[in-house]
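Peer 1: Handing you this structure, nothing more for now.
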Amino acid sequence: MDCIFCKIAKGEIPCKKAYEDDRVLAFYDLDPQAPAHILLIPKEHIVSAWEITPENSAVVGHIFEVAAKLARELHLEGGFRLVNNCGEDGGQTVQHLHVHLLGGRSMQWPPG
Ligand code: AMP
Ligand code: ZN
């Protein structure tokens with residue numbers, strides 16, 4: 001399967017790691033949209049939030065737990081944003097579930 005985030009999870013493509021355990025990998029986005037911009041992915045290939053089911057949803061809670069730990073380590077006391085883009089209308093460009101952790105600047109709402 002030709003999935004860039006699976007390759008990053010397996011160490012076949014390098015990344016700047018922020019956190020790793022047996023289920024989740026967090027790494028810095030190549031094209032940062034904020035002073036802190038980290039991607040959190042399940043190591044298991046899940047295409048998008050559309051594919052979340054009772055069988056695979058536990059990793060989503062774990063991703064949020066890791067995001068909170070990273071936000072504390074990065075001293076994002078002022079706040080931060082967790083973003084999941086899903087599907088074409090959601091602006092998803094990599095077809096492996098990921099959550100963006102964005103922080104270090106003030107965010108606008110609603111997003112474009
Ligand atoms: P999305 O548009 O939500 O699918 O986000 C995909 C994100 O992956 C974008 O912010 C890209 O900059 C980022 N990205 C793509 N390839 C890599 C890579 N090899 N290493 C780090 N980030 C990447
Ligand atoms: Zn994948």
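The values are calculated or read from the model by the stated rules, or taken from the named source; none is laboratory data. In this text the structure is predicted, and so the values were computed from the model without any measurement. Neighbour counts run over all protein chains shown; Cβ positions are idealised from the backbone, glycine included.
Peer 1: On the basis of being among the basic types (Lys, Arg), at pLDDT 95 or above and within 11 Å of ligand 1 (Cβ to nearest atom), does Lys16 make the cut? Reasoning before the result, please.
Peer 2: Working: among the basic types (Lys, Arg): yes; at pLDDT 95 or above: yes; within 11 Å of ligand 1 (Cβ to nearest atom): yes.
Criteria met by Lys16.
Peer 1: Any chance you could count how many residues in segment 1-22 are aliphatic (A, V, I, L, M) and assigned to a loop (DSSP other than H, G, I, E, B)? Let's see the steps before the verdict.
Peer 2: Within segment 1-22, the subset aliphatic (A, V, I, L, M) is 1, 4, 8-9, 13, 18.
Next, from what is left, pick out any that are assigned to a loop (DSSP other than H, G, I, E, B): 1, 13.
Residues that pass the stated criteria total 2.
Peer 1: Run Ala71 past the list (1) crowded, with 17+ Cβ neighbours inside 10 Å; (2) among the aliphatic types (A, V, I, L, M); (3) touching a residue at least 60 places away in the same chain (Cβ under 8 Å) and report the number of the one that doesn't hold.
Peer 2: (3)
Peer 1: Restricting attention to segment 18-43, which residues are in contact with a Leu (Cβ under 9 Å, 6 or more places away or on another chain), of a type in the set (D, E, K, R) and without any contact (Cβ under 8 Å) to a residue 40 or more places away in the chain?
Peer 2: Within segment 18-43, Lys43 is the sole residue that qualifies.
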